[in-house]
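Inspection log for the structure reproduced underneath, given as structure tokens.
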Amino acid sequence: MKRKRGFKSVLAVALTLALTLSLAGCGSSDNGTASGSGTQASPSVGTVYTIGFNTWGSGTSTFDNMGDDIAYALEVLGMEGSRVADDFTADKELQNMQNFISAGVDGIVMQISADPVLTQAADACLNAKIPFVLGIFVGDDEDRAEVSANNEYYVGSVSANLYQDGYLMGQAAAADGHKTAVLLGGNVGDNHFEQRIAGFTQAFVTEGGGKILDEARCASPAEGQEKANAMLSANRDADCIYAMVGDYAPGAINAMDALGLEMDVYVSNAGEDAVNYIKEGRVAAGGGGNDLPGPIAAALLINYLDGTPILDADGNAPEFKITPFVVTKDNVDDYISIFYEDTHPINQDIMESLVSRYTEGVSYETFEKLIESGLTLEALLAAHGS
């Protein structure tokens with residue numbers, strides 16, 4: 001399978017923290033908008049903002065794809081992106097946000113994978129008067145509500161419905177006739193994994209009559225195979241395994257191979273490795289579309305910086321959730337065609353339709369309509385002319 005990443009987004013992958021710091025003192029160009037001001041009476045296509053964005057890690061298809069799609073969205077909208085990775089640690093995540101602020105970026109597309117970082121990073125942005133939007137990973141619900149109520153530089157959030165993500169995989173496993181499952185994923189207490197477990201449990205156990213035999217939790221995908229090996233050794237008769245993120249699929253499959261086991265694998269947030277396994281028949285089903293919130297969050301931020309913020313009916317920063325879809329052997333080729341073959345699922349036309357400097361009349365309803373009906377696999381294929 002040919003790996004996507006055309007245009008200049010390949011260059012964006014190489015941006016380092018040193019480059020971010022070198023941007024200190026840089027602000028918007030062309031129309032003279034002040035860095036971090038968040039206001040502009042007459043935005044023009046020529047106004048360029050420097051926007052920082054992070055991913056929880058790098059070197060895995062899940063996080064690399066998330067970052068690549070944000071980089072592409074910023075590029076086609078004429079922005080300068082500065083990209084960093086958090087190295088799977090909360091300390092680095094907070095440090096990256098602080099470094100963006102020190103560098104004087106115009107705004108931040110912020111992924112909060114470590115929930116406690118949100119309030120600290122939000123306070124730092126408030127003090128520095130730098131707008132930020134949450135994309136993909138959006139922190140704890142209560143913390144986010146507090147930030148929304150008290151931080152004028154909070155632009156909103158766009159995330160995947162992680163409960164539904166887990167529910168779809170539990171539903172698929174139950175529909176395939178499985179009655180016992182083991183689970184493999186990230187840290188205990190991590191909101192993103194706990195939501196997926198809750199959804200999987202509802203579909204597979206409560207509605208499907210199945211049973212979860214065991215679960216293995218990891219600090220990062222690097223521990224996946226070791227933890228999966230121990231869990232599967234103790235549960236050789238399990239019908240299936242649920243990997244809560246695609247980056248854990250290789251560890252699960254390598255462990256099965258080492259132990260001489262065969263069982264169906266179900267994967268949320270299916271990245272490139274998992275998609276290949278679907279084609280091979282080694283993964284029965286995967287959740288797709290988890291990368292989509294990042295580019296949409298970037299559009300929210302640019303509208304805010306242009307002085308045309310997107311607000312809900314109550315005048316608050318929006319909280320959008322995207323429903324993932326299921327990828328199986330039946331539709332995996334279509335999925336690959338727009339997510340991996342030298343293209344990006346949310347193309348330039350869609351991105352421009354979300355930004356007021358390109359499209360007149362952009363509103364909350366514009367985003368709502370796209371999220372409700374324009375981000376299914378079928379709709380994305382149509383947008384790409386497929």
Subject >> Yes/no for residue 241 being aliphatic (A, V, I, L, M), under 20 Å from residue 324 (Cα atoms) and at pLDDT 95 or above >> reply: yes
Original post:
Is it true that residue 260 is surrounded by fewer than 20 Cβ atoms within 10 Å (Cβ to Cβ) and either outside the structural domain of residue 234 (by TED's automatic domain parsing) or modelled with pLDDT of 95 or more (or both)?
Top reply: yes
**OP:** Scan region 321-343 and report the pairs whose first residue is under 13 Å from residue 272 (Cα atoms) and whose second residue is in a strand (DSSP E or B) and among the aliphatic types (A, V, I, L, M), with Cβ atoms within less than 6 Å and a gap of 6+ or a chain change.
**Re:** 335/327
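Scan region 320-337 and give yes if some residue there is among the charged types (D, E, K, R) and surrounded by 15 or more Cβ atoms within 10 Å (Cβ to Cβ), otherwise no. Write out each step before concluding.
The initial filter retains those residues of region 320-337 that are among the charged types (D, E, K, R), namely 321, 329-330, 333-334.
Cutting the leftovers down to surrounded by 15 or more Cβ atoms within 10 Å (Cβ to Cβ) gives us 321, 334.
Checked region 320-337: at least one residue is among the charged types (D, E, K, R) and surrounded by 15 or more Cβ atoms within 10 Å (Cβ to Cβ).
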Original post:
Does region 65-84 include one or more residues that are crowded, with 20+ Cβ neighbours inside 10 Å, under 26 Å from residue 141 (Cβ atoms) and touching a Leu at 6+ places or on another chain (Cβ under 6 Å)?
Top reply: yes
Original post:
Identify, please: which residue in region 265-279 is in contact with a Phe, Trp or Tyr (Cβ under 8 Å, 6 or more places away or on another chain) and modelled with pLDDT under 95 and is, among those, farthest from residue 173 (Cα to Cα)?
Top reply: 272
**OP:** Quick one: count up the residues across region 104-118 that are part of a loop (DSSP other than H, G, I, E, B) and either charged (D, E, K, R) or within 15 Å of the chain's Cα centre (by Cα) (or both).
**Re:** 4
Original post:
Just wondering, is there one or more residues in region 225-234 that are in contact (Cβ under 8 Å) with a residue 40 or more places away in the chain, assigned to a helix (DSSP H, G or I), assigned by TED's automatic domain parsing to the domain that holds residue 169 and buried (at least 24 other Cβ atoms within 10 Å of the Cβ)?
Top reply: yes
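Can you pull out every residue in region 180-189 that is touching a Cys at 6+ places or on another chain (Cβ under 9 Å) and surrounded by fewer than 24 Cβ atoms within 10 Å (Cβ to Cβ)?
First, pick out the residues of region 180-189 that are touching a Cys at 6+ places or on another chain (Cβ under 9 Å): 180-182, 184-187.
Residues satisfying the conditions are 180, 182, 187.
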Original post:
Somewhere in region 163-175, is a residue surrounded by 23 or more Cβ atoms within 10 Å (Cβ to Cβ) and part of a strand (DSSP E or B)?
Top reply: no
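Quick one: is residue 173 over 22 Å from the mean Cα position of the chain (by Cα) and of a type in the set (A, V, I, L, M)? Break it down stepwise before answering.
Working: over 22 Å from the mean Cα position of the chain (by Cα): yes; of a type in the set (A, V, I, L, M): yes.
Considered against the rule, which asks whether it is over 22 Å from the mean Cα position of the chain (by Cα) and of a type in the set (A, V, I, L, M), residue 173 comes out as yes.
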**OP:** Quickly run through region 203-223 and pick out the residues that are in contact with a Phe, Trp or Tyr (Cβ under 6 Å, 6 or more places away or on another chain) and part of a helix (DSSP H, G or I).
**Re:** 203, 221
**OP:** Identify the single condition in (1) of a type in the set (Val, Ile, Thr); (2) at pLDDT 95 or above; (3) closer than 25 Å to residue 57 by Cβ; (4) not in a helix (DSSP H, G or I) that residue 253 does not satisfy, given that it satisfies every other one.
**Re:** (4)
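Scan region 170-181 and tell me whether some residue there is β-branched (Val, Ile, Thr) and out of contact with any helix residue (DSSP H, G or I) (no Cβ under 9 Å at 6 or more places or on another chain).
Of region 170-181, the ones β-branched (Val, Ile, Thr) are 180.
Remaining after also requiring out of contact with any helix residue (DSSP H, G or I) (no Cβ under 9 Å at 6 or more places or on another chain): 180.
Within region 170-181, one or more residues are β-branched (Val, Ile, Thr) and out of contact with any helix residue (DSSP H, G or I) (no Cβ under 9 Å at 6 or more places or on another chain).
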Subject >> residue 188 being part of a loop (DSSP other than H, G, I, E, B) and farther than 30 Å from residue 235 by Cβ >> reply: no
**OP:** Give region 121-158 a look and list any residue that's buried (at least 22 other Cβ atoms within 10 Å of the Cβ), among the aliphatic types (A, V, I, L, M) and not in a strand (DSSP E or B), or say none.
**Re:** 121, 122, 130, 147
Original post:
Is one or more of the residues making up region 106-118 more than 19 Å from residue 53 (Cβ to Cβ) and surrounded by fewer than 22 Cβ atoms within 10 Å (Cβ to Cβ)?
Top reply: yes
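Does region 85-92 contain at least one residue that is touching a helix residue (DSSP H, G or I) at 6+ places or on another chain (Cβ under 8 Å) and either in a helix (DSSP H, G or I) or not assigned by TED's automatic domain parsing to the domain that holds residue 122 (or both)? Working first, answer last.
We begin by selecting, within region 85-92, every residue touching a helix residue (DSSP H, G or I) at 6+ places or on another chain (Cβ under 8 Å); these are 85-86, 90.
Filter once more, keeping what is either in a helix (DSSP H, G or I) or not assigned by TED's automatic domain parsing to the domain that holds residue 122 (or both): 90.
There is at least one residue in region 85-92 that is touching a helix residue (DSSP H, G or I) at 6+ places or on another chain (Cβ under 8 Å) and either in a helix (DSSP H, G or I) or not assigned by TED's automatic domain parsing to the domain that holds residue 122 (or both).
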**OP:** Report yes if residue 347 is polar (S, T, N, Q) and touching a strand residue (DSSP E or B) at 6+ places or on another chain (Cβ under 9 Å), otherwise no.
**Re:** no
Subject >> Selection from region 345-374 of residues that are touching a residue at least 60 places away in the same chain (Cβ under 8 Å), in contact with a Ser or Thr (Cβ under 8 Å, 6 or more places away or on another chain) and buried (at least 19 other Cβ atoms within 10 Å of the Cβ) >> reply: 356, 357, 370
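The values are calculated or read from the model by the stated rules, or taken from the named source; none is laboratory data. Being a predicted model, the structure only gives us computed values, none of them experimental. Using ideal geometry, Cβ is built from the backbone for each residue, glycine included, and neighbour counts are taken over all protein chains shown.
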